[in-house]
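Each remark here refers to the structure printed beneath this line.
The values are calculated or read from the model by the stated rules, or taken from the named source; none is laboratory data. In this text, all values refer to a predicted model and were calculated from it rather than measured experimentally. Note that we place each Cβ from the backbone using ideal geometry, even for glycine, and neighbour counts take in every protein chain shown.
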Amino acid sequence: MWLKKNWSTVLFVGIFILLLVSTDAKAWLMRQIISTGLLNSKIEKKNVGQPVEEMAPSIFESFTVKDENGKIINVSELKGKVVFINFWASWCPPCRAEFPSIQKFYEKYSLNNEIVFITVNLDEDLKAGTNYLEKEKYTIPFLVPNGHVPDVYFTGSLPTTVVLDKKGKMRMKHDGMADYSRDSFYEEINQLLIE
């Protein structure tokens, strides 16, 4: 009898407990929040008459990552390309929430050789990161840091996303989750590709 009268309370408590313990449930809830459009990143636009050099410092510092095969990629050697960098971990619900949008972004631009995707996994157990990508059928490259990552890129907040233009200027840095599959973001990337 008590259960019949209080079924909504029991359901609410059950959902609340699920959200507390399940990374996937938290990620799902955060994806719903992202879909509202409230958490979108903006790429810094050039002001008329103001050179890009005055807007953001050049940050092609010594920063390398390596792929699953041990191939080293040096960010400082990517001048001339738009560089999308995302720091993530498989245990991070906001990372999981935004990853479907990053995968869509990657699929849309993966054949464009003027943009490079650097998704840096920060799991202590690297197998957890590769397992997550395989389970979700994500095809974006799996990369890990190869040494220290300068603070200008990453200060410890997950997820963190950085976009560099072809001159190596930071045009966006966003701490926290966002939706990278929106047309407005694609328009900003397209603008960087033609600059």
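Taking the stated definitions as given, is TYR180 surrounded by fewer than 19 Cβ atoms within 10 Å (Cβ to Cβ) and either part of a loop (DSSP other than H, G, I, E, B) or among the polar types (S, T, N, Q) (or both)? Considered against the rule, which asks whether it is surrounded by fewer than 19 Cβ atoms within 10 Å (Cβ to Cβ) and either part of a loop (DSSP other than H, G, I, E, B) or among the polar types (S, T, N, Q) (or both), TYR180 comes out as no.
Just one of the listed residues (GLU187, GLU124, GLU114, GLU98) is touching a Leu at 6+ places or on another chain (Cβ under 9 Å), among the charged types (D, E, K, R) and surrounded by fewer than 16 Cβ atoms within 10 Å (Cβ to Cβ), namely GLU114.
Scanning region 166-181 for residues that are within 21 Å of LYS81 (Cβ to Cβ) and of a type in the set (A, V, I, L, M, F, W, C) yields MET170, MET172.
Each residue in region 56-89 was checked for being closer than 15 Å to PHE142 by Cβ and modelled with pLDDT under 90, and 1 of them qualify. Reported count of residues in region 89-136, each being among the acidic types (Asp, Glu), outside any loop (DSSP other than H, G, I, E, B) and more than 12 Å from the chain's Cα centre (by Cα), is 3. Residues that are farther than 26 Å from ILE194 by Cα and touching a strand residue (DSSP E or B) at 6+ places or on another chain (Cβ under 8 Å) were ranked within region 131-154; the one that is surrounded by the fewest Cβ atoms within 10 Å (Cβ to Cβ) is GLY147. Is at least one residue of region 185-193 in a loop (DSSP other than H, G, I, E, B) and either at positive phi or charged (D, E, K, R) (or both)? No, because not a single residue in region 185-193 is in a loop (DSSP other than H, G, I, E, B) and either at positive phi or charged (D, E, K, R) (or both).
Residues that are in contact (Cβ under 8 Å) with a residue 12 or more places away in the chain, closer than 20 Å to GLY176 by Cα and outside any loop (DSSP other than H, G, I, E, B): does region 75-82 have at least one? No; the residues of region 75-82 include none that is in contact (Cβ under 8 Å) with a residue 12 or more places away in the chain, closer than 20 Å to GLY176 by Cα and outside any loop (DSSP other than H, G, I, E, B). Would you pick out the residues in region 155-177 that are touching a Ser or Thr at 6+ places or on another chain (Cβ under 9 Å), surrounded by fewer than 19 Cβ atoms within 10 Å (Cβ to Cβ) and without any contact (Cβ under 8 Å) to a residue 60 or more places away in the chain? Selection gives ASP175 alone.
The residue pairs whose first member lies in region 106-118 and is touching a residue at least 60 places away in the same chain (Cβ under 8 Å), whose second member is part of a strand (DSSP E or B), and whose beta carbons are closer than 7 Å, counting only pairs six or more residues apart or on different chains, are TYR109/ILE115; GLU114/VAL82; ILE115/VAL82; ILE115/PHE84.
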